[in-house]
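Chemist: Structure in structure tokens, see below.
The values are calculated or read from the model by the stated rules, or taken from the named source; none is laboratory data. Predicted model, so just to flag it, every value in this text is computed and none were measured. Positions of Cβ are generated from backbone atoms using ideal geometry, with glycine treated the same way; all protein chains shown enter the neighbour counts. Heads up: the accessible areas ignore ligands, DNA and RNA and are worked out on the full protein's heavy atoms, side chains in. Shrake-Rupley method; radii C 1.70, N 1.55, O 1.52, S 1.80 Å.
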Amino acid sequence: MAGSGFRFSIRYKVVALVTAVLLVTLGTYLALATELYRRDKTAYIFELSSAITATVAQELGSNLEFLGEQVVQVGERALAAPDEAAADAQLEAFLAEETDFVAIRLMRPDGAGKLELVASRMQAERLQDMSIEPADLEADRTLRSIPFADLESLGLWLENASIPPDAALLRMAVSVPGPEPGAPPRAFLIAELRQERFLRVLGQSSAQTTYVVGGDGVVLAHPSTERVVGRANLGDRPIVRAALEDAFEKGVRTFDAEGESYLGAFAAITRFPGVVVAETPASTAMVAARRLMWSSLAFGLALILLALILSVIFSRRLTAPLRELEVLTGAIGEGDFDIEVKAQRNDEIGSLARAFGTMTEALKVTQSQLVQSEKMAAFGQLGAGVTHEVKNPLSGVLGYIQMAREGAKGDASQSEILERAEVSVRRCVKILDNFLRFARTDTEEQVQTDLRQAVEEGCSLARHQLEMQRVQLETHLGDEPVPALLSGGQIQQVILNLLINAMHAMPGGGKVDVSVVRDETRARILVADNGPGIPPEAQGRIFEPFFTTKPAGEGTGLGLAVSYGIVQSHRGEIRFQTSGAGTTFTIELPLAGAA
């Protein structure tokens with residue numbers, strides 16, 4: 001479309017891209033989130049229901065086993081009683097302690113295949129609270145048949161003994177074992193207890209229904225009292241039928257009943273032919289998923305509308321400064337470094353604008369530094385010439401001093417003065433030699449040199465200036481040679497830069513230690529001062545060109561940058577550690593011949 005002059009602006013590209021991404025994302029999210037939530041919710045309900053039924057079944061089994069043992073114990077005590085009144089007293093004491101029981105009776109085989117009543121007690125007040133007359137309970141007992149013949153093998157029998165209109169009762173039957181293993185039971189105990197004991201174990205939930213059915217499918221405990229009192233048979237309910245017919249101790253099912261879908265779980269009760277069932281309507285379980293879908297849809301549409309508005313505004317704000325930067329780039333390309341770059345934004349565009357401003361300032365500084373470099377180069381040449389001219393007379397003076405010492409051997413005081421003069425002149429000559437080497441660094445090649453010598457010469461260049469600023473310099477260079485491929489003048493420059501920086505960091509005086517250590521492959525130069533350390537805000541930038549913490553006019557900010565480049569050219573590393581107690585620069589260089 002370039003030929004027609006049409007340009008698809010980045011503004012419209014942003015709007016179109018945002019709209020497309022949001023639409024695709026919203027649709028994909030709704031589909032995946034709904035399906036994943038449905039599956040996850042189903043799995044969660046199955047796991048939760050299975051855990052609940054298993055826990056309730058185990059707790060009911062333990063509860064029934066405990067009750068059975070309690071009833072057997074009271075039966076044994078009643079059988080051991082001396083007369084009927086004492087036996088009744090044992091049953092009465094049991095009912096007084098176990099408040100969930102309303103009646104209990106003890107029956108014993110008479111030897112003729114029949115059972116005779118040994119003792120029987122009822123709690124009239126509890127029956128009255130449940131609107132039950134003792135005669136109603138007696139009448140119900142005659143209508144039910146307990147499988148006494150199978151009771152010993154079953155261990156415990158439990159049935160629904162509810163009496164309309166609202167008395168939800170359970171009937172429990174246990175056998176008192178004979179005196180010896182294999183002997184027939186000595187007696188049987190039949191007790192009626194309220195459903196509430198099992199409801200406390202089942203718990204209650206608005207979203208889930210948990211209940212207990214016997215082996216015949218009749219409800220034994222249910223949150224709905226009507227179903228218990230009505231002795232509802234739920235054997236035809238798919239989850240109950242599966243629980244009674246399957247050979248598994250527990251399981252989960254999805255089933256339909258009463259025109260609705262359910263998520264169900266069941267678990268068998270130990271030592272009792274009954275199961276615990278938990279049901280959750282699918283509509284209740286998935287109501288959160290439907291709410292999530294509609295809420296997400298509404299939120300997504302609102303988000304798309306808001307994104308369109310914001311993308312239009314954002315694209316305008318994005319393209320305007322980019323056009324300004326385009327104009328500024330052309331001006332900078334033409335060499336105009338005095339332009340003003342506005343960087344009022346705190347985003348990438350603002351960072352780009354600030355980078356332009358920094359680049360402009362850096363170019364201006366670079367021009368100034370190039371001029372300064374030319375001055376320094378001229379100064380170096382002039383200084384080298386002056387040094388050479390001064391060194392020759394000093395050599396002559398040194399010769400005259402030596403001749404004078406030969407003639408003054410008989411005068412101790414004069415000889416000592418001449419000796420001191422000779423040492424001072426030699427020191428001046430050494431400083432001048434080091435300055436000449438330093439001035440020739442640009443032409444030096446890296447050759448195998450004793451690193452200690454380059455470090456010592458660098459220290460010599462700075463020692464006098466350090467002493468003038470009350471900075472004590474100590475060197476620890478070791479006794480063994482440290483051979484390395486290096487340019488002696490460049491290493492001297494690095495040492496000199498570090499020492500001058502340490503001196504500036506301690507305007508009131510201090511101490512600098514310079515050490516050289518080595519291992520099998522590398523040598524390390526350590527320059528440590530006891531100054532105040534490097535400020536935290538400057539630690540990440542000290543090797544940047546033109547960055548300095550010194551006052552304006554006292555530094556170019558190139559010393560450490562140049563030192564960093566020299567160390568890198570020697571295949572080495574330079575790093576530092578700093579604190580309020582001082583700063584230590586470490587320079588690592590490979591030894592000659594090391595891989």
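Chemist: For I132, what residues show an amide H to amide H distance below 5 Å, using hydrogens built from the backbone and excluding near sequence neighbours?
Modeler: HN-HN under 5 Å from I132: empty list.
Chemist: Using label points projected 7 Å from each Cα along Cα→Cβ, tell me how many nm separate A51 and R141, to one decimal.
Modeler: 4.5 nm
Chemist: If you take the beta carbon distance between T28 and N233 as r and set R0 to 51 Å, what does 1/(1 + (r/R0)^6) give as a FRET efficiency, to the nearest 0.05?
Modeler: Taking R0 as 51 Å, the efficiency between T28 and N233 is 0.55.
Chemist: Here is a follow-up. Measure out, as a whole number of angstrom, how far apart the alpha-carbon centroids of region 168-233 and region 47-64 sit.
Modeler: If we compute the Cα centre of each part, the gap is 15 Å.
Chemist: Amide H neighbours of V471 under 5 Å, at least 5 residues apart or on other chains, H built in the peptide plane: list them.
Modeler: It is G510, by chain and number.
Chemist: Also: Under a Cβ-Cβ cut-off of 11 Å, what is the net charge of the residues other than Q123 that fall near it, where Lys and Arg count +1 and Asp and Glu count -1?
Modeler: Taking every Cβ under 11 Å from that of Q123, the sum is -3.
Chemist: Can you bin region 188-325 into rounded, prolate or oblate? Criterion: square roots of the alpha carbon gyration tensor eigenvalues sorted a ≥ b ≥ c, rounded for a/c under 1.5, prolate for a/b above b/c, oblate for the rest.
Modeler: Cα axes put region 188-325 in the prolate bin.
Chemist: A follow-up question, please. Which value, in Å² and to the nearest 10, is the accessible area of Y262 when all protein chains are kept and the probe is 1.4 Å?
Modeler: For Y262, the solvent-accessible surface is approximately 20 Å².
Chemist: Follow-up question, since we're still on this one. Full-extension gain between A538 and R427, please, as 0.36 nm times their residue separation minus the C-alpha to C-alpha distance.
Modeler: 36.2 nm
Chemist: Amide H to amide H, which residues 5 or more places from A257 or on other chains are under 5 Å from it, using H placed in the peptide plane?
Modeler: Residues meeting the criterion, in which the H sits 1.01 Å from N, are Y262.
Chemist: Please give the solvent-accessible surface of H504 in Å², to the nearest 10, using a probe radius of 1.4 Å with every protein chain present.
Modeler: Approximately 90 Å² of H504 is accessible to the 1.4 Å probe.
Chemist: Go through S120, S153, S579 and list them by solvent-accessible area, largest first, probe radius 1.4 Å. Intermediate results must be reported in sequence, preceding the final value.
Modeler: Working: S120 35, S153 105, S579 65 Å².
Descending order: S153, S579, S120.
Chemist: Now for a separate question. Within a Cβ distance under 15 Å of Q208, other residues only, what is the Lys/Arg minus Asp/Glu net charge?
Modeler: -1
Chemist: Further question: Going by the alpha-carbon gyration tensor, a ≥ b ≥ c the square roots of its eigenvalues, is region 456-595 rounded (a/c under 1.5) or, if a/c is not under 1.5, prolate (a/b greater than b/c) versus oblate?
Modeler: Prolate shape, in that a/c is at least 1.5 and a/b is the bigger ratio.
Chemist: Mind running the shape call on region 28-176? Use the C-alpha gyration tensor, a ≥ b ≥ c as the square roots of the eigenvalues: rounded below 1.5 for a/c, prolate if a/b tops b/c, oblate otherwise.
Modeler: prolate
Chemist: Output wanted: per-residue J couplings in Hz (rounded whole) for region 392-399, from phi through Karplus 6.51 cos²θ - 1.76 cosθ + 1.60, θ = phi - 60°, x for Gly and Pro.
Modeler: Using θ = phi - 60°, the values come out as 4, x, 4, 5, x, 4, 4, x Hz.
Chemist: Quote the FRET efficiency, to the nearest 0.05, computed for E445 versus V562 with a Förster distance R0 of 25 Å and r equal to the Cβ-Cβ distance.
Modeler: Approximately 0.85, to the nearest 0.05.
Chemist: A follow-up question, please. I need the phi-derived Karplus couplings for region 87-97: 6.51 cos²θ - 1.76 cosθ + 1.60, θ = phi - 60°, integer Hz, Gly and Pro marked x.
Modeler: Computed from phi, the couplings for region 87-97 are 5, 4, 4, 5, 5, 5, 5, 5, 5, 5, 7 Hz.
Chemist: For the pair E406/Q70, report the inter-label distance in nm, with labels modelled 7 Å from Cα in the Cβ direction.
Modeler: With each label placed 7 Å out from Cα toward Cβ, I get 12.8 nm.
Chemist: Ordering R518, R171, R39, R524 by how much accessible area each has at a 1.4 Å probe, largest first, what is the list? Before the final figure, lay out the partial values.
Modeler: Numbers: R518 105, R171 0, R39 145, R524 70 Å².
Per-residue accessible area, sorted high to low, gives R39, R518, R524, R171.
Chemist: Still on this model: Using the 2.2 N^0.38 Å rule of thumb for compact globular proteins, work out how region 183-249 stacks up: its C-alpha Rg over that value, please.
Modeler: Region 183-249 yields a ratio of 1.34.
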